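For reference, the structure discussed in these notes is given below.
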């Protein structure tokens, strides 16, 4: 009988461990609702999309508080580049006026990703030799 209980407990523990993760706020930009966000700088936001082409950029900060553990959370960002180059910032623990631009407003932690492409076919980071390498005998 003890073995059956132990086996049942092990199966329950495994099922709980692999139950899957659920986000508190999944799909926040799908559909986009302006009342959920505070926008800063110059930007454009719509369902599934946020863009800013201004030199000082723009930010979109969620108004809702993170439930239960406000200092521990996961953020997922999906980048779709429509043109070459650009700097992409994901704000973490940000105040509603956070904007990383000239004058920097608010407070935040940030993850920044920058793409530097100069034109079609010009984005190689490795220079290959002019002539193929040959065996030396």
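The values are calculated or read from the model by the stated rules, or taken from the named source; none is laboratory data. All figures in this text were calculated on a predicted structure; none of them were measured in a lab. Backbone-built Cβ (ideal geometry, glycine too); neighbour counts: all protein chains shown.
Just a few scattered comments:
- Selection of the stretch 84-114 for residues being part of a loop (DSSP other than H, G, I, E, B), at pLDDT 80 or above and surrounded by fewer than 12 Cβ atoms within 10 Å (Cβ to Cβ) yields 104, 107.
- Restricted to the stretch 49-83, and to residues there that are farther than 19 Å from residue 111 by Cβ and touching a helix residue (DSSP H, G or I) at 6+ places or on another chain (Cβ under 8 Å), the residue that is modelled with the highest pLDDT is 63.
- Answer residue from the stretch 56-72, given it is assigned to a loop (DSSP other than H, G, I, E, B) and touching a residue at least 24 places away in the same chain (Cβ under 8 Å) and is nearest to residue 102 (Cα to Cα) among those: 56
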